[in-house]
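One structure is given below, encoded as structure tokens.
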Amino acid sequence: MSRSMSTLTRADLAETINRKMGFSRAESLDMVEAILGHMGDAMAKGENVKISGFGSFVLRDKKERIGRNPKTGVEVPITPRRVMTFRASQLLKERVAGG
């Protein structure tokens, strides 16, 4: 089974909304932008985003720690930061795996 290297874009999402829901192209793109903007705003405020049946975007605050430069072996501090991970739902995992 070969992996496709194509990418789903905002324009692709808007096109699907246009075809399936009958909104104009501009309205469809506005809808996609509004949804993504709302998700981004929520995460910027420190909220996780859960899309039932799809997955969750989870924020974690990482503490400062000591890392090592792999080339020189010199220890360097890694500053505290917030990271985002995506956890696929079981339904999405099964769909991607072909089950």
**Prompt:** Which ranges mark the strands (runs of 3 or more DSSP E) fully within segment 34-75 that have 2 or more residues being farther than 21 Å from A14 by Cβ?
**Reply:** 55-62, 65-68
**Scope segment 38-67; condition within 11 Å of the chain's Cα centre (by Cα) and of a type in the set (G, A, S); matching residues** = G40, G55, S56
**Selection from segment 52-86 of residues that are closer than 30 Å to A97 by Cα, surrounded by fewer than 12 Cβ atoms within 10 Å (Cβ to Cβ) and not basic (K, R)** = S52, G53, V83, M84, T85, F86
**Prompt:** Assuming M31 fulfils every condition listed in (1) closer than 26 Å to L8 by Cα; (2) in a strand (DSSP E or B) apart from one, which condition is it?
**Reply:** (2)
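Residue check: is R95 surrounded by 11 or more Cβ atoms within 10 Å (Cβ to Cβ), basic (K, R) and either outside any strand (DSSP E or B) or touching a residue at least 24 places away in the same chain (Cβ under 8 Å) (or both)?
Yes.
Quick note: the coordinates plus some simple rules give every number you see, no bench work behind them. On a predicted model such as this, the values are computed, not experimentally measured, just so you know. Every residue, glycine as well, gets a Cβ built from its backbone with ideal geometry; the counts of neighbours run over all protein chains shown.
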